[in-house]
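One structure is given here, and the rest of the page talks about it.
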Amino acid sequence: MPKFINFSSDAKVATLQGIKGALSTAVTNVQAVSMLQGQFNVRKTGPNGGVVDINGNALTVYNNGVPRELWLNGFEHLLDIDVEHIGSGTGSQQVVCSRQPICVIDFLRMDRVFEGKYGAYGIFFFPKGTSLSDRCFAYYGFKLDSDGVFEYMEIDVVESGC
């Protein structure tokens, strides 16, 4: 029996892989800019991180130059994609993306999505017709310790629900 390709699923995964690549490039660029602008070693948490100028737009960064995960806090200027901002935090995980090809949920605790990721926060991108809970998304997340010191960052794709 021939194996049939699910073009819809493949298209979603390809789009998310493209977003992953764009996120990786954008974060690397922000880290470089934060070095040049003297904000790479800032050790603050919450809304009071360092601020860098990205093409005339202010963006909050934390230790190691990692950009804050808020879409409407300068992050929207890092990626050249049309998105629908679904919202911030846990309450938005069940909302289905309906207006744009890609939707975004920001300022979401990573342990709400991945077991064991306590203290980390992320921003999640998912395709039209899905919700974050469908497990079809690209994401950027990071963790700082209580002193504002960088612990880890990850940028990846979850495609099990695509």
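Give me a comma-separated list of calculated 3J(HN,Hα) values for segment 96-109, in order, Karplus coefficients 6.51, -1.76, 1.60 applied at θ = phi - 60°, integers in Hz, x for any Gly or Pro.
Once θ is set to phi - 60°, the couplings for segment 96-109 become 7, 5, 9, 9, 10, x, 10, 10, 9, 10, 10, 6, 10, 4 Hz.
Starting from the Cα-Cα distance between residue 135 and residue 53, subtract it from 0.36 nm times their residue separation and give me the gain in nm to one decimal.
My answer for the length gained is 26.2 nm.
Keeping all protein chains in place, calculate the accessible area per residue for the chain (probe 1.4 angstrom), answer in Å².
On the way: 8240 Å² over 162 residues.
Ligands and nucleic acids excluded, the result is 51 Å² per residue.
Ignoring ligands, DNA and RNA, what percent of the 1.4 Å accessible area of the chain is carbon and sulfur? Each step should come with its number before you reach the end.
Details: 4050 of 8240 Å².
The nonpolar share, carbon plus sulfur, comes to 49 percent.
Roughly what would the spin-label model give for residue 32 and residue 111, points 7 Å off Cα along C-beta, in nm?
3.6
Select one label from [x] 47, 40, 33; [y] 43, 37, 28; [z] 59, 33, 29: the one whose number is Cα extents along the principal axes in Å as derived from the coordinates shown.
Structure-derived value, by its label: [z].
Could you run the Debye sum over the Cα atoms of segment 76-123, one equal point scatterer each and no solvent, and tell me log10 of I(q)/I(0) at q = 0.18, 0.29 Å⁻¹, two decimals?
The Cα Debye sum returns log10 ratios of -0.59, -1.06.
Quick check: the angle from helix 7-36's long axis to the longest principal axis of the chain, C-alpha only, nearest 10 degrees?
10
The values are calculated or read from the model by the stated rules, or taken from the named source; none is laboratory data. Owing to the predicted nature of the structure, the values given are computational and were not obtained by experimental measurement. Glycine also receives a Cβ, built like all others from the backbone with ideal geometry; neighbour counts cover every protein chain displayed. When the accessible area is computed, the model is the full protein with side chains, heavy atoms only, and any ligands, DNA or RNA have been set aside. Shrake-Rupley method; radii C 1.70, N 1.55, O 1.52, S 1.80 Å.
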